[in-house]
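What follows is a set of notes on a single structure, which appears directly below.
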Amino acid sequence: MDYKSIILNQLNIACESLGTQAGVIEVPPNPEMGDVAFPCFGLAKALRKAPPLIAKDVATAIEQNPTVEFSNTVQKVVVIGGYVNFFIKKDALVSGVINEIETKGDDYGKSDIGNNKTVLVEFSSPNIAKPFHVGHLVSTALGSSIERIYSHLGYDTVKINHIGDWGTQFGKLISAYKRWGDRSVIEQDPINELLKIYVQFHKEAELHPELEDEARHYFKLLEEGDSEITQLWQFFVKASLTEFNRMYDLLGISFDSYAGESFYTDKMPEIVDILREKNLLEESEGAQVVRFEDDNMPPCIILKSDGTTIYATRDIAAAVYRKRHYDFYKNIYVVGTPQTLHFKQVFSVIDKMGFDWADNCIHVDFGYVRFPDKSMSTRHGDVILLEDLLKMSIAKTKEIILESSTSKELDDIDSVAEKIGVGAIIFAFLKNSRERDIIFTWDDILDFEGESGPYVQYAYARGKSILRRAEDNNDCDETSDVYMPMTEEFELAKLLNDYESVVLEAANKNQPCIITRYTLQVAASFNKFYNTCNIMKSVGQTRKMRLKLTQAMCTVIKSALNLIGVDVVEKM
Ligand code: ARG
């Protein structure tokens, strides 16, 4: 029920009759003051009157000429100082919201505002033969959520994994492999073994700098398509992807495209040609660069002095390809804050090339993950491997569940622990504004009573358990009383009513945390309702509506958690 629009519409009619226009509405600081407030301060100048007097005039004008919709929605209008405050009819709102959620089911909160326009979301993008570290996990969780949010709003989305599978480091890796590599050992544990020989290469190259020349030679062969070298490279790519896919399976994430950096190698000469034609390339110490008017932005290197292309060149080629291939409405890159300058340069070069769609390329950045807990550093020193993190979370969750009294009712404890353990990490990563650093401690992440994933999942499971028990003793006589919602029921329904606008705001700001925080509010509101209104002991119409409200909460929590990539569990 869009009560805010109904009230705004009524305000517009009233203000017009007073010879002015309505401004914005607000939510009063506490529910006792009403559900919507209209501040009259902005009208004082035009009407040459004090705000409290204007507020009275507006209230009178509304009372004299209310629309049918307004009368059906609003219970009373009161003037408090310079504000006109509105109280919504509690029963109308609660039953309106319940009915809407019941009718729409899983489609509740969806919209077609996207109108099938294409939104590309590039996320995860790990590097071949390098560990999938926690920064990639944040990108994976954030990007997948952003994609789900756009898709929920009717956009056609494409999930792209821009794998780091090209660059001079592959020359080094090939050289290292030829010296110390053992195919069968690598097949057992690809990323660790490849990393090992890569590190060894760097050590040796310090003593024997000629190794660098050898590596350059191998990369050149790779660029030229030499068959033996290409096969080796393919082996590295395939082995690494097998490992990455294990993570994606655990997270329930898939991609539509794995076109990584190598995909764009043959698309770069055209980019260099366009830049040259438009006189955008300048020489700088043997390299070809694009300079910017903005003095704070260093030039973007396009071709290195040896004629090879770099990361930025591949990104420019990728953007041009994506525009041609997908004709995107938005092209989103979910990549950490350290790459802010890189994307600014890339988008500026695209703009200089004369492509007006440069403005539709968006870098969605995020902060670092910090581990105050020293024990979190693993065998790789500073790098915490994603798989270790997920497995630890699942194991710790299982311990917590086993200690609880309800664990005996669970027949699939491992799958429950997996959903809660993985969900807890995703939830923690998406809880705060993405630009902020994430402080990772197990105490916060697995705090079943704090601002955590398990807390929200528990509200859902509790709701489901009530609904199951109610089914077992279905004794409601619906005619025996008249339902009048209590404040807790009304507040919960009002929150559920906000769902669609919450999703919209999350999309407009590319901030999944808006949804994450919303799920915490819904869970807390449900707990209040549960503790105040004794659902199982209530009777008649009241019981029926309370059960329906519980079901409505479950529908919304399930949908909202799904948008951030967290599964619900029916029992926990
Ligand atoms: N592979 C890169 C890294 O691990 C991230 C790629 C980001 N995407 C891009 N289009 N440049 O740092």
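The single condition among (1) outside any helix (DSSP H, G or I); (2) under 22 Å from L390 (Cα atoms); (3) at pLDDT below 95 that S124 does not meet is (3). Listed by first and then second residue, the pairs with beta-carbon distance under 7 Å, at least 6 apart or on different chains, first residue in the stretch 125-144 and in contact (Cβ under 8 Å) with a residue 60 or more places away in the chain, second in a helix (DSSP H, G or I) and near the ligand (Cβ under 9 Å from one of its atoms), are S125/S139; P126/H136. Checked against (1) under 23 Å from Y311 (Cβ atoms); (2) surrounded by fewer than 18 Cβ atoms within 10 Å (Cβ to Cβ), F244 passes all but a single condition, namely (2). Scanning the stretch 128-149 for residues that are more than 22 Å from L504 (Cα to Cα) and either assigned to a strand (DSSP E or B) or more than 13 Å from the ligand (Cβ to nearest atom) (or both) returns a single hit, H133.
Within the set H162, H152, the sole residue that is within 10 Å of the ligand (Cβ to nearest atom) and at pLDDT 95 or above turns out to be H162. Within the stretch 397-416, residues that are in a loop (DSSP other than H, G, I, E, B) reach partners that are surrounded by fewer than 17 Cβ atoms within 10 Å (Cβ to Cβ) with beta carbons closer than 8 Å, at six or more positions or on different chains, in the pairs L410/K571.
Filter the stretch 333-352 down to residues that are more than 8 Å from the ligand (Cβ to nearest atom), closer than 21 Å to Q511 by Cα and of a type in the set (S, T, Y) and give me whichever is surrounded by the fewest Cβ atoms within 10 Å (Cβ to Cβ). My answer is T340. Return yes or no: is E243 away from the ligand (no atom under 14 Å from the Cβ), part of a helix (DSSP H, G or I) and within 27 Å of F132 (Cα to Cα)? Answer is yes for this residue. Is it the case that some residue within the stretch 284-299 is modelled with pLDDT of 95 or more, within 15 Å of the ligand (Cβ to nearest atom) and more than 20 Å from L137 (Cβ to Cβ)? Within the stretch 284-299, none of the residues are modelled with pLDDT of 95 or more, within 15 Å of the ligand (Cβ to nearest atom) and more than 20 Å from L137 (Cβ to Cβ). Once the stretch 27-77 is narrowed to residues that are under 23 Å from E488 (Cα atoms) and among the hydrophobic types (A, V, I, L, M, F, W, C), the residue that is farthest from the chain's Cα centre (by Cα) is V77. A residue that is assigned to a helix (DSSP H, G or I), buried (at least 19 other Cβ atoms within 10 Å of the Cβ), basic (K, R) and modelled with pLDDT of 95 or more occurs somewhere in the stretch 480-503.
The values are calculated or read from the model by the stated rules, or taken from the named source; none is laboratory data. Note that the structure is a prediction, hence the values are computed from the model and not measured. As a convention, Cβ positions derive from the backbone with ideal geometry for all residues, glycine included, and neighbour counts pool all protein chains shown.
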